[in-house]
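Below is one structure, written out as structure tokens, with a few remarks after it.
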Amino acid sequence: MALLVALVAGLPAAQEPVAVTVDPLHKPFDEILDLYVRDGLVYYYALKVERSKFDRYVQAVSDVSADMLAKWPQPRRLAYWINAYNAFVLRTVIDGYPIRGKAPDYPANSIRQIPGAFERHTFRVGGRQLTLDAIERDVIGAFDDPRALLALSRGAVGGSRLKSEAFTSERLDQQLTTMTSELVTRRVLVQVDAGNNRLSVNPMFSWREALFTRTLASRAPAVYASRSPLERAVLALIEPLIVPNEAEFLRTNEFSMVFHAFDWRLNDLTGR
């Protein structure tokens, strides 16, 4: 018995699970995303039917003033803006759900069928009235972290995957790194097509070219020096993530880089 006690005493203590800290402001959103989002797809029908908790969260986000924001550290402010953007996209969709539009350039159920969804409709946020485009371009873009743009869901199959959790300051760097890693695991974002001597990338890089080029172009390996600033920015972002044979293909620097069509179908899980 004494020997058994001695052996047990010598074992390392069991590790306690690390609690995930979520800003109290965003905790309701964290719970909503966990309930209604699966692999980037959303139960829009259920969210609309049971929207009272979600509407209270959107109101709480809207009530945050510019003075309050100014007192927060940068990670908390960036997490706030990312969550706000994603929540406003969800709000835009469920306000118009089910979407049955007739604009010929987009799928019938696309968020793009909602007039001015990104460029005209405004939300009260951080003490201002801003459109989704303005939040992305002028506010989130000013943080100079291109990974943040990859955290924004545009309510579409072809965009970045909406996470089933809220962004939070304590884990923000890890969460943004995870979103970046998905560039090379989701073909709607990046496709290394050696068979056709082509690198096909999501057009969102061209939509926010200024941010990507000023923060990433100078980091590209020298072999890509002849490429355009945007091409160098994309390559700087994805090359550390791809498998060796794809990296070897790109390093030949003989491929063409193209932007594939963005899939604007609604990221709707209802009925799937």
(request) Return yes when Tyr45 is assigned to a loop (DSSP other than H, G, I, E, B), touching a strand residue (DSSP E or B) at 6+ places or on another chain (Cβ under 9 Å) and modelled with pLDDT of 95 or more and no when it is not. (result) no
(request) Specify the residue that is farthest from Phe212 (Cα to Cα); the eligible residues are those in the stretch 248-267 that are of a type in the set (A, V, I, L, M) and surrounded by fewer than 16 Cβ atoms within 10 Å (Cβ to Cβ). (result) Ala261
(request) Considering only the stretch 235-268, state which residues are without any contact (Cβ under 8 Å) to a residue 40 or more places away in the chain and within 26 Å of Gly141 (Cβ to Cβ). (result) Leu235, Ala236, Glu239, Pro240
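Please determine, by comparing only the residues of the stretch 247-267 that are of a type in the set (D, E, K, R) and in a loop (DSSP other than H, G, I, E, B), which one is farthest from Ile111 (Cα to Cα). Even if it seems obvious, please write down each step before you answer.
Our first condition is that a residue be of a type in the set (D, E, K, R); within the stretch 247-267, this holds for 248, 251, 254, 263, 265.
Next cut, in a loop (DSSP other than H, G, I, E, B) only: 254, 263, 265.
Details: Glu254: 37, Asp263: 11, Arg265: 8 Å.
Filtering first and then ranking leaves Glu254.
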(request) Working only within the stretch 84-125, note down all residues that are buried (at least 21 other Cβ atoms within 10 Å of the Cβ), within 25 Å of Ser169 (Cα to Cα) and in contact (Cβ under 8 Å) with a residue 60 or more places away in the chain. (result) Tyr85, Asn86, Val89, Leu90, Phe123, Val125
(request) Just give me the residues in the stretch 23-42 being surrounded by 15 or more Cβ atoms within 10 Å (Cβ to Cβ), in a loop (DSSP other than H, G, I, E, B) and either within 18 Å of the chain's Cα centre (by Cα) or without any contact (Cβ under 8 Å) to a residue 40 or more places away in the chain (or both), in sequence order. (result) His26, Gly40
(message) Can you tell me which condition Thr270 does not meet? The list is (1) assigned to a helix (DSSP H, G or I); (2) surrounded by 13 or more Cβ atoms within 10 Å (Cβ to Cβ), and all the others hold.
(response) (1)
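For the structure I just gave you, tell me whether Val64 is at pLDDT below 95, within 27 Å of Arg171 (Cα to Cα) and not in a helix (DSSP H, G or I).
Numbers: at pLDDT below 95: no; within 27 Å of Arg171 (Cα to Cα): yes; not in a helix (DSSP H, G or I): yes.
Answer is no for this residue.
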(message) If a residue must be over 24 Å from Val188 (Cβ atoms), of a type outside the set (A, V, I, L, M) and outside any loop (DSSP other than H, G, I, E, B), how many such residues does the stretch 93-130 contain?
(response) 6
(request) Specify which of the listed residues (Phe212, Phe262, Phe249) is of a type in the set (Phe, Trp, Tyr), within 28 Å of Tyr80 (Cβ to Cβ) and in contact with a helix residue (DSSP H, G or I) (Cβ under 6 Å, 6 or more places away or on another chain). (result) Phe212
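Just checking, how many residues over the stretch 207-242 are within 16 Å of Thr180 (Cβ to Cβ) and of a type in the set (A, V, I, L, M, F, W, C)? So that I can check it myself, show each step before the final result.
Within the stretch 207-242, the subset within 16 Å of Thr180 (Cβ to Cβ) is 208, 211-212, 215-216, 219-220, 233-242.
Filter once more, keeping what is of a type in the set (A, V, I, L, M, F, W, C): 211-212, 216, 220, 233-238, 241-242.
Summing the residues that are within 16 Å of Thr180 (Cβ to Cβ) and of a type in the set (A, V, I, L, M, F, W, C) in the stretch 207-242 gives 12.
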(message) So Val192 passes all but one of these: (1) outside any helix (DSSP H, G or I); (2) surrounded by fewer than 19 Cβ atoms within 10 Å (Cβ to Cβ). Which condition number does it fail?
(response) (2)
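The values are calculated or read from the model by the stated rules, or taken from the named source; none is laboratory data. Remember, predicted model here, so these are calculated numbers, not experimental data. Positions of Cβ are backbone-derived with ideal geometry, glycine not excepted, and every protein chain shown enters the neighbour counts.
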